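The values are calculated or read from the model by the stated rules, or taken from the named source; none is laboratory data. Note that this is a predicted model, so its numbers are computed, not measured. Positions of Cβ are backbone-derived with ideal geometry, glycine not excepted, and every protein chain shown enters the neighbour counts. Surface accessibility is based on the protein's heavy atoms, side chains included, excluding ligands, DNA and RNA. Shrake-Rupley method; radii C 1.70, N 1.55, O 1.52, S 1.80 Å.
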Amino acid sequence: MQTMNRFFVIVSCLLTVCAHAQKNNLSGRIVDDQTGEAVASAAVSINGSTAIANGNGEFFLGRLTAKSGTLRVQAIGYAELLLPVSNVLVSPLTVRLVRTRQFLQPLEVKALRAGDQAPFTKTNISKETIAANNLGQDLPFILNQTPSVYVSSDAGNGVGYTYLHIRGSDATRINVTLNGIPYNDAESQGTYFVDLPDFASSLSSIQIQRGVGTSSNGTGAFGATINLATNEVIDHAYAESNNSFGSFNTWKNTLKAGTGLIDGHFTVDARLSRISSDGYIDRAATDLRSLGVSAAWLSARSSLRFNVFSGKEKTYQAWYGVPDNLLATDPTYNPAGTEKPGTPYDNQTDNYQQDHYQLFFNHLFPHHWSMSTAAFLTYGRGYYEEYKAAQLFSDYGLPAFTVGATVLDSTDLVRQRWLDNYFYGQIFSLQYKSQANELTFGGGWTDYDGKHYGTVIWAQYGIDKDYKYYDYPARKTDYDVYLKWQHRLAAGLESFADVQYRHVYHHMDGFEGNPALNITRTFDFFLPKLGLTYSRKGWQASFSYALGQKEPNRDDFQASLVSQPNAETLHDFELGLQKRGARFHAGATVYYMLYKDQLVLTGKINDVGSYTRTNVPDSYRLGLELEGSYIFSKWMNMEGNIAFSRNKITTFTEFIDNYDNGLQNAVVHHNTDISFSPSIIGAATVNFVPAKDLHLALMSKYVGDQYLDNTQDAARKLGAFYTQDIRVTYTIRKWVKELSLILQVNNVFNRRYEPNGYTYSYISSGALTTQNSYYPMAGTNFMAGVNMKW
């Protein structure tokens, strides 16, 4: 309770401070002249005093000391703006920058992102903010301070397999695009950022839309949409070296370079990265490598760009969790590989490589029109390897093995489970923008050709090397079109209408344990979205309704033909209010997300003997998100957010295995919490600039209680936790263009906490037993970095 109160004091101070700028103070916000979106990290200077705009485009220069002089505003990709002091005496000032080359706009991203006036709940993250947080942890940890987000990690230190929840929804319900191209796995619908290590070093910006959001390409969004963008043009030649080292023998090495514009038309950017770590959990070692190359040709009205991103990961398996009976005495315990007699199997690893090829063409037509199209191919292949003891020959489609007069029905073996898939397609958008209207017509198609198969690479006896014991191919196609219309109804009042049609076809030839089950399902979704935004004198109010629908995952189909799951439906209502002042920003969002046929785990065994998710008729999320920032002075500012939510399933039936009779007991629950949905999530960051080029950030995170299943049983709960991180950055501008020394200490107070886990209950000898496993995070740990720019 003490840490909870401490956190509320911090956030309350942040969200209630509102003050008007003093006379002759110079402050304001910098936005794009065309889109109205914030321009982060622009340099604002006057009479020798300089400020850098934050992620919301806001700057504060303090009291003017002279009545003459020139205000200079500079940002990459924009024309320099010069204004006499006599024109800027009124604060807050809105500065509109004009792009130097209109064709540099990433049109394929603009088609999917919500603009400044769109009535959707969103957070924009700038390149500079991404870079400041990028010391080697996976991308979800860079998003950890954003509203309604919490993250976890198998290895316990944010390197390797990591997981992201937004408004209680996991990655299978979060739509992710890379430059507008779908990234979610087509069948599981999850996102595995470990397959693209250090992708954050290639990013120019991120937008998170919470809730359903605007129409996007790829899988349906039930918790949020994350749009990742890399397609920027850097005018000047550059080179960077980013290196960091930290606890658990963690290393990150990144090299970046770019040609700048050659002859005003050509540009090439490249990145090479390596990340390795021993991990906090025993044997949770990672070896991650990636590269990115982007080449572009630009003219006055057109651009052609080709991207290649490739990532290769090898991680020792750490996804089994720590049993509850060992959590207090052995929190780093890892059972992976321990089926092998003696020491654990040394190659109990996950191995995967993913290559992305993206080709974009953008064109600006006369009279307000523009278009964008992109073709892509993603090739992924890899396996996880494991030692398995006492495996029945019958489970591998083989008869018992006879040695002389002895008949053996099982053997120890090493197996590999493979994924080998091609994911390809095309996206497009046609955009029209005038003073009162903005229209976007877009869509795309994708095709997934996936192979699921397993091989035995070694057996104690009875199985030949490289014996293939299962092979289940699958095919999935996805077509969608959407039309978005933003219209200015009156001064300050804009409407937004968006409609999308999506068709999904999914065919699966067999499942493990049920090779003869062939499933073909088709889904047709019609998805309208409507909203209004009103803006006046720094205030902005918005309301939106969005319908989301989503097909089941591959595992959900592993039931007989007569008991197949239904698609899920979500009605999302969002009401937002924001206020921007000279030195502060405050915002509030109320949301109501009403689910029909949400798929949840109940513990029920289906008619082919598998635990799969079941549709529940009614469930909902009702929440309030508060966020704000305040600039106290040139040397201190603060930002933060807190979310309160109620996440309920109206009626839930739990099925418990009964080992006494071989059946299952059914227990009906009413009005229980949805699993992994904390009712309180908060974050706060205080930034200090005590001296020129010295920056200190104090980052706090609070996550309330959450449950491992949908029964709201206190014995199956993850406890609340509060963590504090500190980052110190010192920048030297000698010898090279920029040299930054960074030290970040995570979990300063050495809290022991578990943000993720799972549970299993059964009845034996008439008694109920519950077994929990957890994924603990590391105590106090550090990362130190040296970044150089030329």
Problem set entry | Residue check for residue 71: of a type in the set (A, V, I, L, M), in contact with a helix residue (DSSP H, G or I) (Cβ under 7 Å, 6 or more places away or on another chain) and modelled with pLDDT of 65 or more | yes
Exercise. Pick from 619, 677: which is surrounded by 21 or more Cβ atoms within 10 Å (Cβ to Cβ), on the phi < 0 side of the Ramachandran plot, among the polar types (S, T, N, Q) and without any contact (Cβ under 8 Å) to a residue 60 or more places away in the chain?
Worked result: 619
Exercise. Are there any pairs, at least 6 apart or on different chains, whose C-beta atoms fall under 6 Å, with the first in region 247-265 and in a strand (DSSP E or B) and the second of a type in the set (Lys, Arg), and if so, which?
Worked result: 253/274; 256/271
Problem set entry | Given (1) in contact with a helix residue (DSSP H, G or I) (Cβ under 6 Å, 6 or more places away or on another chain); (2) over 23 Å from residue 124 (Cβ atoms), number of the condition residue 642 does not satisfy | (2)
Seminar exercise, completed: Restricted to region 323-354 and to residues being out of contact with any Leu (no Cβ under 8 Å at 6 or more places or on another chain) and not in a loop (DSSP other than H, G, I, E, B), the residue surrounded by the most Cβ atoms within 10 Å (Cβ to Cβ) is 350
Exercise. Counting only residues that are open to solvent by 40 Å² or more (accessible area, probe 1.4 Å) and either part of a strand (DSSP E or B) or out of contact with any strand residue (DSSP E or B) (no Cβ under 9 Å at 6 or more places or on another chain) (or both), how many does region 229-246 have?
Worked result: 2
Exercise. So which residues in region 494-504 are over 24 Å from the mean Cα position of the chain (by Cα) and open to solvent by less than 60 Å² (accessible area, probe 1.4 Å), if there are any at all?
Worked result: 494, 495, 496, 497, 499, 503
Problem set entry | Residue identified as surrounded by fewer than 23 Cβ atoms within 10 Å (Cβ to Cβ) and in a strand (DSSP E or B) among 124, 144, 175 | 124
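Quick one: which strands (runs of 3 or more DSSP E) sit completely within region 680-785 and have at least 2 residues that are among the β-branched types (Val, Ile, Thr)?
680-691, 721-732, 738-746, 757-764, 767-774
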For this session: Go through region 297-320 residue by residue and tally those that are modelled with pLDDT of 95 or more and either open to solvent by less than 50 Å² (accessible area, probe 1.4 Å) or of a type in the set (Lys, Arg) (or both).
Result: 13
For this session: Mind checking which strands (runs of 3 or more DSSP E) fall wholly inside region 379-493 and carry at least 1 residues that are open to solvent by less than 40 Å² (accessible area, probe 1.4 Å) and either free of Cβ contacts under 8 Å to residues at least 40 places away in the same chain or touching a Pro at 6+ places or on another chain (Cβ under 8 Å) (or both)?
Result: 410-433, 437-459, 467-490
For this session: Would you mention how many residues in region 348-372 are out of contact with any helix residue (DSSP H, G or I) (no Cβ under 8 Å at 6 or more places or on another chain), closer than 30 Å to residue 435 by Cα and at pLDDT 95 or above?
Result: 1
For this session: Pairs only if they're at least six apart or on different chains, beta carbon under 7 angstrom, first in region 271-285 and at positive phi and assigned to a loop (DSSP other than H, G, I, E, B), second surrounded by 24 or more Cβ atoms within 10 Å (Cβ to Cβ) and aromatic (Phe, Trp, Tyr); list them, first residue then second.
Result: 283/316
Seminar exercise, completed: Sole miss for residue 559 among (1) surrounded by fewer than 18 Cβ atoms within 10 Å (Cβ to Cβ); (2) under 26 Å from residue 449 (Cα atoms) is condition (1)
Exercise. Hey, any hits in region 749-760 for a residue that's out of contact with any Ser or Thr (no Cβ under 7 Å at 6 or more places or on another chain), surrounded by 14 or more Cβ atoms within 10 Å (Cβ to Cβ) and of a type in the set (Asp, Glu)?
Worked result: yes
For this session: For region 653-669, state whether one or more residues are open to solvent by less than 50 Å² (accessible area, probe 1.4 Å), acidic (Asp, Glu) and closer than 30 Å to residue 612 by Cα.
Result: yes
Problem set entry | Count of region 418-439 residues which are over 21 Å from residue 381 (Cα atoms) and under 25 Å from the mean Cα position of the chain (by Cα) | 4
For this session: Consider residue 589 carefully, then state whether it is in contact (Cβ under 8 Å) with a residue 12 or more places away in the chain, among the polar types (S, T, N, Q), farther than 30 Å from residue 61 by Cβ and crowded, with 19+ Cβ neighbours inside 10 Å.
Result: yes
For this session: Answer yes or no: is there a residue in region 528-537 that is within 27 Å of the chain's Cα centre (by Cα) and free of Cβ contacts under 8 Å to residues at least 60 places away in the same chain.
Result: yes
For this session: Considering each of 715, 767, 684, 691 in turn, give the residue that is over 26 Å from residue 256 (Cβ atoms), of a type in the set (A, V, I, L, M, F, W, C) and touching a residue at least 60 places away in the same chain (Cβ under 8 Å).
Result: 684
